[in-house]
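This report refers to the structure that appears directly beneath it.
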Amino acid sequence: MSAGHYNDTYQTALTRWYRTLDPILLAGYLLLIFIGGVLIASGGAAVARRIGISSTILPAEWWFFIKHLVFAIIATGIMLSVSLLSIHNMRRVGIMLFVCFLPLLALTLIFGSEIKGSQRWIMGIQPSEFIKPGLIIICAWLMSLKFEHNQSFGIILSLGILLLTASILI
């Protein structure tokens, strides 16, 4: 085997996964995390003092920055874990998210608590944030049926699902 020839036979699962990552998208994600951290570090101390945050664990002026950092690490871990899923398992996750959180989204209209003028919270969570990835995955899958199997019902069904979700949100 020559030095310039790359053999796919000897790839590990991690190598195959790494080759599927979009470096521009990953760099944009990391840039947004960094810019968010800079902005929170610059303005978070004043907000913490204004609203009276006190903590025995860490200084109050770093409260929002540490919170941003913790959530960024958790989100990055989830994002990288989800990127390891196969397309089939990704569809399953999308359907499960949509099916589980659509009823909760509908229940927010009746039992949801109003926070900052919006009635979007139920049981301490905001179902609309969890339904969005499921909705995107399901609609993308249904619309891809048009190109894979020349079945146009997928586009109509995805439009129906989108309108149903939007009607609950509005």
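The values are calculated or read from the model by the stated rules, or taken from the named source; none is laboratory data. From a predicted model like this one, the values you see are computed outputs, not experimental measurements. Here the Cβ is made from the backbone with ideal geometry for all residues, glycine too, and neighbour counts use every protein chain on show. Surface accessibility is based on the protein's heavy atoms, side chains included, excluding ligands, DNA and RNA. Shrake-Rupley method; radii C 1.70, N 1.55, O 1.52, S 1.80 Å.
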³J(HN,Hα) computed for each position of the range 64-79 - Karplus, 6.51 cos²θ - 1.76 cosθ + 1.60, integer Hz, glycine/proline x: 5, 5, 5, 4, 4, 5, 4, 5, 5, 5, 4, 5, 5, x, 5, 4
Residue among 89, 134, 79 farthest towards the positive dipole end of the range 55-162, charges placed on Cβ: 89
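Could you work out [θ]222 nm for the chain from helices alone, using -39500 (n - 2.57) per DSSP H run of at least four and dividing by all its residues? Round to the nearest 500 deg cm²/dmol. Present the calculation step by step, with values, prior to reporting the outcome.
Numbers: 6 runs with 122 residues, N = 170.
So the helix-based figure for the chain works out to -25000 deg cm²/dmol.
Over the chain, what number does the Rg to Rh ratio reach, with both radii from the alpha-carbon atoms and Rh per Kirkwood? Kindly include the intermediate steps, with their values, before the conclusion.
Numbers: Rg = 21.4 Å, Rh = 19.9 Å.
That ratio equals 1.08.
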Straight-line reach from residue 146: which lysines have Cα under 28 Å away, leaving out those fewer than 8 places along the same chain? 132
Accessible surface, per residue, of the chain when the full set of protein chains is kept, probe 1.4 Å, Å²: 72 Å²
Evaluate the distance, in nm, between pseudo-label points positioned 7 Å from the Cα of residue 85 and of residue 32 along their respective Cα→Cβ axes. 1.8 nm
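In whole percent, and with a 1.4 Å probe on the protein chains, what portion of the accessible area of the chain is carbon and sulfur?
For the chain, the apolar C and S fraction of the accessible surface comes to 72 percent.
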Solvent-accessible surface (1.4 angstrom probe) belonging to residue 87, in square angstrom, nearest 10: 130 Å²
For the range 85-140, which trypsin sites (Lys or Arg not before Pro) pass both filters: DSSP loop (anything but H, G, I, E, B) and at most 13 other C-beta atoms within 10 Å? 116
